[in-house]
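Values in this text are rule-based calculations from the coordinates and carry no lab data. What you see is a predicted model, and the numbers here were worked out from it, not measured in a lab. Glycine gets a Cβ as well: all are built from the backbone with ideal geometry, and neighbour counts include every protein chain shown.
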Amino acid sequence: MRARGAILAAALALTASCAAPATEAAPSTGRTVEIEMKEFSFSPSAITLRAGERVVLRVKNGGTTEHDLMAGREPKPSEGYHEDLFADMEVRMTGGAPGHGAAHRGVGLLLATSRSGAVAFTVPDRPGQYEFGCFVPGHYELGMKGMLIIV
């Protein structure tokens, strides 16, 4: 009986170690939202989040050029958002280049072609509509943006 228990414990440990590896951006609980970027759109183009929930945005660049993901209000094309949603939050980003060139303002995740990354955060208690967009020069102007709704 004791041997069976040891075998069962070993099997459970092996199963746990074979599960999908957690990235540093993945919270222990929460929801994952998959986002794909292409020329010049996001899919999905609208995302609803609940204040207080832990979220990981898993972002894939399926396009032929680099793209970034930023979120906020009052867009400034080729720069970012004047009101940056991520600015005053604890946000962990993996897989891409955080930040941007000197012309960019705010927090964002820059991904090269065929790369994936993640943005992990707790949704702030600031209900309303925000935008997410790509501020690589010219991309936002070509319509590369979506809607982020916090309820």
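From T122, T48, T113, which residue is surrounded by fewer than 20 Cβ atoms within 10 Å (Cβ to Cβ) and farther than 23 Å from R31 by Cα? Can you show your working first?
Numbers: T122 fails: farther than 23 Å from R31 by Cα; T48 fails: farther than 23 Å from R31 by Cα.
Of the residues listed, the single one that is surrounded by fewer than 20 Cβ atoms within 10 Å (Cβ to Cβ) and farther than 23 Å from R31 by Cα is T113.
Have a look at E90, E74 and point out the one that is surrounded by fewer than 18 Cβ atoms within 10 Å (Cβ to Cβ) and closer than 18 Å to M147 by Cβ. Spell out how you get there, then give the answer.
Numbers: E90 fails: closer than 18 Å to M147 by Cβ.
Criteria check complete, one pass: E74.
How many residues does the range 76-87 hold that are touching a residue at least 24 places away in the same chain (Cβ under 8 Å) and in a loop (DSSP other than H, G, I, E, B)? Outline the logic, then answer.
Within the range 76-87, the subset touching a residue at least 24 places away in the same chain (Cβ under 8 Å) is 76-81, 85-86.
Okay, now just the ones that are also in a loop (DSSP other than H, G, I, E, B), so 77-79, 85-86.
Counting residues in the range 76-87 that are touching a residue at least 24 places away in the same chain (Cβ under 8 Å) and in a loop (DSSP other than H, G, I, E, B) gives 5.
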